[in-house]
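To keep things clear, I will list the structure first and then write my remarks on it.
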Amino acid sequence: MKVVIVAFANDNHTAPLKWALEQAGYQVACWAGVGWKEGRQATLSFNGGVRMVLGSHTVDPGDVVWIRRPNPPLANPNVAAPDKAFADEEYRWFSLSTLYLLEHLPVRCINPYSASRVINNKAVQLYLAARNGLNVPATVMTNAPSAVRDMFENSSRRKICKAFFPHIWKKEGSEALAVTETFEITAEALPDDEVLTYAPAIYQEMIVKAFDVRMVLLGSTVCSFSLHTPNGALDWRQEVGQGHITVEEVATPCDVEGAVLAFSQEAGIEFGSFDFAVDQDGRWWFLEVNEEGQFLWLDEFNPAICMQEKFLAFLTLPKGASREEIEKKQIEFPSWKDYRQSPQKEQVPEEVHLAAPILSVEP
Amino acid sequence: MQTKSKRVLNREGARELTPQEVENISRGGGAHTETVCSFDPVTKTPDGDVGEC
């Protein structure tokens, strides 16, 4: 059995986890997604059975495939200009064919690509979360001004606004960048109706938090961590970036754990990072899940958590491993701290990312 | 009379990145092996969360 990681080898989670797996004796293959260069080429052969080659690696029965961060297909820039649109589309369809086929092979996919595509939709997340018994804040997703104003008129609770997908703006002629972030908004601050149609948005009743929780789903096991910021920030990501956060393991209420596992089963995912807000009454509110979510930063802030080791135990154990099995196996793997202190981390190969950034330049 | 902004609402709530975060991005988005939490605008993953931590 080998572990195939669909991501650049120098991705910030792939590099340490590949190193740790190899230290423990596992074979690891990285492939960043379909591209025209040799290392990103792929071949699907059908001749009675099927054979998949990703870069220089064959996908074999029994392999574990972690679809960590597949990159957009990258066509050869030397293609003739009149053929570029055709080539781009062919690359796109071939990429999708490859990723969707993976879950039908006799391998374990974390997560199946089809499940990833579906659960990345925030509307699907909220629907499945509520349906499976999680508390979900009242939410309106809309580009209809009347629906926005109705929400603000019909509830006196505080509201937040957030985007469906992050975006970064760069000031022209400057290094200054701004990123979308959840923010509080009042009825008085709403813009003209026309502006509300410029981009759909997510409007949600604000949960006045006692603290945040980041939960990591590992198959049938959940690991929850409280996140405390000095100023009780609405969005803790900024505080993480600046090192102003306290991370502690926290017990998951039984009803929340059961609901998350039911949610995950219905969504078809084995792994994901869930965000919850815990209110002053101790009630857990589901905010969102990211099935590609990052988790090594938890070890950075609290090395006793051992998320790197837990994740690798989960990855290399058969599907459905219990918490006890994960905790028993995790001692086979070195920690994030070990990686940080390892000279090997300096030897991660350079891989050029040629895709354009999700970036707008503004005056 | 104050002229109301014509920018999308989420731009109004966008946060300026810190110099450290800007540096992370300028070094290549996902191509970090030293930072465990980063914005990742360069890889342009269609379904990924580039602001995810």
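Within the straight-line cut-off of under 17 Å between alpha carbons, the lysines reachable from A:Lys345 are A:Lys18, A:Lys337, sequence neighbours fewer than 8 places apart in one chain being disregarded. With all projection directions averaged, the alpha carbon convex hull of region A:28-172 covers 15.1 nm². Neighbour counts of other Cβ atoms within 10 Å put A:Val4, A:Val118 in the fewest-to-most order A:Val118, A:Val4. In the elastic network of chain A, a GNM with C-alpha springs shorter than 10 Å, the most mobile of A:Gln344, A:Gln27, A:Gln308 is A:Gln344.
Counting every other Cβ atom within 10 Å of each residue's Cβ, A:Met141, A:Met307, A:Met52 order from fewest to most as A:Met141, A:Met52, A:Met307.
The convex hull around the C-alpha trace of chain A, projected and averaged over every direction, spans 21.6 square nanometres. The alpha-carbon of A:Lys84 sits under 24 angstrom from the alpha-carbons of these lysines, leaving out residues fewer than 8 places away in its chain: A:Lys37, B:Lys44. For chain A, hydrophobic long helices are taken as DSSP H runs at least 30 Å long by C-alpha position along their axis with mean Kyte-Doolittle hydropathy of 1.0 or more; none is present. Between the C-alpha center of region A:46-100 and that of region A:279-307 there is a gap of 33 Å.
Once C-alpha pairs closer than 8 Å and six or more residues apart are averaged by separation and normalised to the residue number of chain A, the relative contact order reads 18 percent. For the pair region A:1-27 and region A:177-191, the centres of their Cα atoms are 39 angstrom apart.
Quick note: the coordinates plus some simple rules give every number you see, no bench work behind them. Just so you know, these numbers come straight off a predicted model, no measurement behind them. As a convention, Cβ positions derive from the backbone with ideal geometry for all residues, glycine included, and neighbour counts pool all protein chains shown.
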